[in-house]
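*Asks:* If you scroll down you'll find the structure; I have some questions about it.
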C-alpha cells in the first residue's frame, strides 16, 4: 500500500517518463533481439511491464506487486534456509531488499528489468532449495546455471538494469545481494537467534524498518524532477486547461515548466496579456535552445509543433529520440514523427512509423485511425489539427539557425497571418528581450 500510494500520488510522472522512452512491440524480431542477450528475459519482462506506465496507477500496482513479491520470497528464503519462524524480529529484515529496490526506482534512469532480475533469481534459489538431494539435484543445478545466466545476465554487469550503459548501479546490486545475504546471515547465526511468534515483536520489527527505510526513501525522492516531468506530461497530452490550473496554484520556476506555461497561455490566446503574471526566464522560457539530451527538447518541440514550425519540431523530436541513452525508440517520438511527416506530405515515411505503432498495445488504435489519412488531402485539410498546421507551416526554404530568432518568427507569421500563435510568440520575444526597435518595425509593417 505504501508503494502504491507513493508512486500513485507523489511520483506518477516518473512512471510516465519511463514509458515514453521505450517502444514495446509485439513483434518476433523485436522480442528475439532482446532475449538473445544475457539478461534478455528480465529485460523483456521489464519492458513489457513498463509499457503499462502510460497509466500511472496501473504502473504503481505493478511495482507494488513486484516489490511485495521480493519481500515475501526473502521471508520464505529465511524460513527455508534456517528453519526459523519468520515471525518476530526476522520479519523486519525481509523488508530490506524491497526497500532498497524502491530506493533504486526513485532514479528516473533505473529500469524495471532490474527488479525482475532480482525476482527471477530468488525464484531460482527457491527452486534449488526444493530440489531433492543427490545426483538429480546436481544435474538440475548444472542445467539451471546457464539458463539463469540467460534470463538475468551476469551478476555484476547485467543488461538493462540502468539507462546509462556506462554507469554501475551500486544501489541496485546492494538490493540484489541483500535478498540473499540476509537469509545467509540468519542461517549462519541461527543458533544465536531466538524465534518469537509474538505479534507485538513482529509489529515492532516491521515498524522500525518501515520508519527508517521510509524516511530514507522520502528524503531521496526527486520531487523537483517530478514537477518538471508533470509539466512535460501535460504538454505531451495537450492538457492546456490543466496547465493553467497548475501554474495558478504554483508558479513554475524551472525551464521546462516555464516553456510549457507560456505554450499553454499562447494556446488560450493569453500570452501577451498575462505572461508577466508568472515567472519568466527570458527567451529561454519561450523557445529554449535545443540541448543534446532526450528530455528537455520535447517541450520545446511541442511549442515548435503548435506554432506550425513542423520541420523544426520533427528534427528536434528525432534528435531527442536518438539521444535516449540505452538506444531504445520512443512511442511518444514515433507518434509525433508520424504526425509531422503526415503534415509535410511524406506519407511513406509516416506509414513507417504508423506501421510500427500498430504493433504496440496502447498506440495501436491511434495508428489505425491515422493510417487512412495518408494521401487523403481533403481529409487532412479538414482535420482540426493537421489542417491548420499545414496552412501555418513555412512556405519557402531558408537557413534555420540553432537559435530561434525574431526573423524566423516573422517569416512564420507572414507566411500565414492567421497564425496568432506566431504573432504572440514574436511579440513576446520582443518584450522579453526589450527590443523596442524590432517591435516598432514589426508593428509598422503589419499596419500598412
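The values are calculated or read from the model by the stated rules, or taken from the named source; none is laboratory data. All figures in this text were calculated on a predicted structure; none of them were measured in a lab. Here the Cβ is made from the backbone with ideal geometry for all residues, glycine too, and neighbour counts use every protein chain on show.
*Asks:* Please give the helices (runs of 4 or more DSSP H) falling wholly within the range 207-313 in which 1 or more residues are in contact with a strand residue (DSSP E or B) (Cβ under 8 Å, 6 or more places away or on another chain) and either outside the structural domain of residue 21 (by TED's automatic domain parsing) or loosely packed, with under 15 Cβ neighbours inside 10 Å (or both).
*Replies:* Fully inside the range 207-313 and qualifying: 255-267.
*Asks:* Then there is this: Given the criteria in contact (Cβ under 8 Å) with a residue 40 or more places away in the chain, more than 24 Å from residue 14 (Cβ to Cβ) and not in a loop (DSSP other than H, G, I, E, B), does residue 122 qualify?
*Replies:* Spelling it out, residue 122 is indeed in contact (Cβ under 8 Å) with a residue 40 or more places away in the chain, more than 24 Å from residue 14 (Cβ to Cβ) and not in a loop (DSSP other than H, G, I, E, B).
*Asks:* Which ones in the range 354-387 are without any contact (Cβ under 8 Å) to a residue 12 or more places away in the chain and either in contact with a strand residue (DSSP E or B) (Cβ under 7 Å, 6 or more places away or on another chain) or not in a loop (DSSP other than H, G, I, E, B) (or both)?
*Replies:* Result: 364, 365, 368, 369, 372, 377, 378, 379, 381, 382, 387.
*Asks:* A follow-up question, please. Looking at (1) at pLDDT below 90; (2) farther than 23 Å from residue 222 by Cβ, find the lone condition where residue 291 falls short.
*Replies:* It is condition (2) that residue 291 fails.
*Asks:* Tell me the helices (runs of 4 or more DSSP H) entirely within the range 1-82 that contain at least 2 residues that are touching a helix residue (DSSP H, G or I) at 6+ places or on another chain (Cβ under 7 Å) and at pLDDT 95 or above.
*Replies:* Of the helices (runs of 4 or more DSSP H) lying wholly inside the range 1-82, those with at least 2 residues that are touching a helix residue (DSSP H, G or I) at 6+ places or on another chain (Cβ under 7 Å) and at pLDDT 95 or above span 2-5, 12-20, 40-50, 56-82.
*Asks:* Any idea how many residues of the range 314-348 are in contact (Cβ under 8 Å) with a residue 12 or more places away in the chain and not in a loop (DSSP other than H, G, I, E, B)?
*Replies:* 21
*Asks:* Still on this structure, please answer the following. Being part of a loop (DSSP other than H, G, I, E, B) and free of Cβ contacts under 8 Å to residues at least 60 places away in the same chain is the filter; apply it to the range 125-160 and report the residue that is nearest to the chain's Cα centre (by Cα).
*Replies:* The qualifying residue nearest to the chain's Cα centre (by Cα) is 157.
*Asks:* For the range 376-403, which residues satisfy the criterion of being within 31 Å of the chain's Cα centre (by Cα), surrounded by 13 or more Cβ atoms within 10 Å (Cβ to Cβ) and more than 17 Å from residue 306 (Cα to Cα)?
*Replies:* Of everything in the range 376-403, just one residue is within 31 Å of the chain's Cα centre (by Cα), surrounded by 13 or more Cβ atoms within 10 Å (Cβ to Cβ) and more than 17 Å from residue 306 (Cα to Cα), namely 400.
*Asks:* For the range 104-117, check the following and say yes or no: at least one residue is modelled with pLDDT under 90, within 16 Å of residue 169 (Cα to Cα) and either assigned by TED's automatic domain parsing to the domain that holds residue 205 or in contact with a helix residue (DSSP H, G or I) (Cβ under 7 Å, 6 or more places away or on another chain) (or both).
*Replies:* No, there is no match, as no residue in the range 104-117 is modelled with pLDDT under 90, within 16 Å of residue 169 (Cα to Cα) and either assigned by TED's automatic domain parsing to the domain that holds residue 205 or in contact with a helix residue (DSSP H, G or I) (Cβ under 7 Å, 6 or more places away or on another chain) (or both).
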